[in-house]
Amino acid sequence: MNAVFITARTDSTRLPNKICRILAGKPIYEHLIERALQTKADKIVFCTTFRKIDDKLAKNITDKILLFRGDYKNKLHRWLSAAKTYSIDEFVEFDGDDLLCDIEMIDKALTALNKADFVTAPPNIITGAFTFGIRTEALEKAYKDTTCEIIQFKLPKTIIPTTAVGKKIRLTLDYPEDLEMFRELYKIKYCTTLPLSEVLTIFEEHPQLSEINWYREKDYKENQQKILFAPDIPEKNPFCSGYSGKKSFLFRIFRKKILFVPDIPEERSYVKIPVGRTKLC
């Protein structure tokens, strides 16, 4: 049994309450659900937290999909618990910021997970187009080997092919400028049900859209750099238990080739799950 896990929560630092912001007449989370339902996944699971602040979000989740409420600080535990609760063998993560995540890539990833433990995207994929997929068994094994929200993977990865690479386009909802871009995009055409290829065509025809939020990509990448070089010491690393600040997650893979972050010494080889978040969702 496979699934798409929509990972989302109500609060956000850079764009408060973004999951409930209105786009084309309805909240963002409804767009996420509508898009996820277009995939060929056996199940769609909306993974949010057990905090009171997310009660309203949980109550509004449609009966067309499943709801799981779990750990606020540890997304890895939330995913693993959701997978066990609903007997999911493999899943693709659909980040709550990426409301136009590539449906075709998700379906290809679900198919690839029949044989692969871990699937990801090309290094220069558009931010917001795809995150990753993983088999539950592989996630559970890796999770047992870490004390941080950093998974130490020694798994071969399968790259899902896509043409959504090398373009100056941001399709993730992280800053106010991102929301502005999406609203302008949806004025041109309702995109939630469109294939990503058609969305990209709109950007080609309306290059002014990218100008709204593309400069935020630099801020995003700089944030990635800071997180990737965080020390493996709980007191100093916001991704380890024992740290008093906010937690996030990374996947560490001991490889020579580094995705997204060039010039990292091999002994500190980190790979961020592609275009994923470095904050809680």
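What follows is calculated from the coordinates using simple rules that are stated; it is not laboratory data. Computed from a prediction, not measured in an experiment: that's the story for all the values here.
Please list, or write none, the aspartates and glutamates whose alpha carbon is within less than 16 Å of the alpha carbon of Lys64, excluding same-chain residues fewer than 8 places away.
Glu30, Glu34, Asp42
Which aspartates and glutamates, if any, have their Cα less than 13 Å from the Cα of Lys189, not counting same-chain residues under 8 positions apart?
The qualifying aspartates and glutamates are Glu198, Glu205.
Starting at the first residue of the stretch 39-45, write each ³J(HN,Hα) from the Karplus equation 6.51 cos²θ - 1.76 cosθ + 1.60 with θ = phi - 60°, in whole Hz, x for Gly and Pro.
Once rounded to whole Hz, the list reads 6, 9, 5, 5, 9, 10, 10.
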